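Heads up: the structure comes next, in structure tokens.
Just so it is clear, none of the values below were taken in a lab; they were calculated from the coordinates. Bear in mind that the values here come from a model prediction, so they are computed numbers and not experimental data. Every residue, glycine as well, gets a Cβ built from its backbone with ideal geometry; the counts of neighbours run over all protein chains shown.
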Amino acid sequence: MPTTGVLEVFHDLHTFGHEAGDGGVAAWSVRRVAEPDRTTLVEPPAEVDVPAPVCQLVPAMPGFTLPPAADAAGGPQDGFNTARVLEEALQKAWLAQRAGSAEGHPVPVSHVYARSQHGEINARVLLDEVLPLSAPGDEHRLLLDLESWTTLEGWFGDAGSLEVWARRSDLESCRFDRAWCLVRTD
């Protein structure tokens, strides 16, 4: 990932990205802007029909993510239960960071370049089809996991999120236009 500039993501909020044909309908645009104009709300590309001029910033704060409990489903019950407890504890810690208190319902956190909060097993099956890997050692990377509980007020469904995925080889060559967007409501 580049260490300078801004990653901009625009989405029509109608296309879930669950079908291979979703990539050809101009439902999203992912781009890196090396020197962004930070004085105005960014205009979307003409080919993406965004529903409203809303912007959700994802602050670049150091942190970590955990393997999601969803990826432990189907395994030993103790492993799933432990993953759920750890997942909730991490969300409460981020809630305290954001709101000054860990009281209230734990809220997912938008983050860059880490693990999916909805699980990666199901996503990777689709990604193998829509972003096939051809280079030795290549892999799918989660660029952005954007929660919709706060600023976007449920745009991606109840507790849903928007995930932006790319091949590592595309990241290395800054080909953000090849990224794949998934609206996760699972």
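Annotations for the structure displayed:
- In order through the range 4-12: 3J(HN,Hα) via Karplus (6.51 cos²θ - 1.76 cosθ + 1.60), integer Hz, x for Gly, Pro: 10, x, 10, 8, 10, 10, 10, 9, 7
- Max mean-square fluctuation residue, GNM over the chain, Cα-Cα springs under 10 Å, options Glu172, Glu87, Glu139: Glu172
- Sequence of Asp71, Asp37 once ranked by neighbouring C-beta atoms within 10 Å, starting from the fewest: Asp37, Asp71
- Pairs of Cα atoms in the range 58-142 fall into 5 Å distance bins, from 0 up to the last occupied one, in shares of 3, 13, 19, 19, 18, 14, 9, 4, 1, 0 percent.
- Expected 222 nm ellipticity per residue - DSSP helices of 4 or more, -39500 (n - 2.57), all of the chain, to 500: -6500 deg cm²/dmol
- Selected from Leu131, Leu143, Leu86 as most flexible by GNM, with the chain as the system and alpha-carbon contacts under 10 Å: Leu86
- Percent RCO, i.e. relative contact order, over the chain, from Cα pairs under 8 Å lying at least 6 residues apart: 21 percent
- 21 Å tail of the calculated P(r), the chain, as % of Cα pairs: 53 percent
- Scaled against 2.2 N^0.38 Å for its residue count N, the alpha carbon radius of gyration of the range 112-174 is 1.23.
- A simple charge model with +1 on the Cβ of Lys and Arg, -1 on the Cβ of Asp and Glu and nothing else charged puts the dipole of the chain at about 500 debye relative to its Cα centre.
- Length-normalised contact order for the range 110-186 - Cα pairs under 8 Å, 6+ apart - percent: 30 percent
- Fewest neighbouring Cβ atoms within 10 Å first, the residues Cys174, Cys181 line up as Cys174, Cys181.
- Note on the range 55-184: dipole from Cβ charges, positive end direction compared against Ala89, Leu143, Pro106; the farthest Cα belongs to Leu143.
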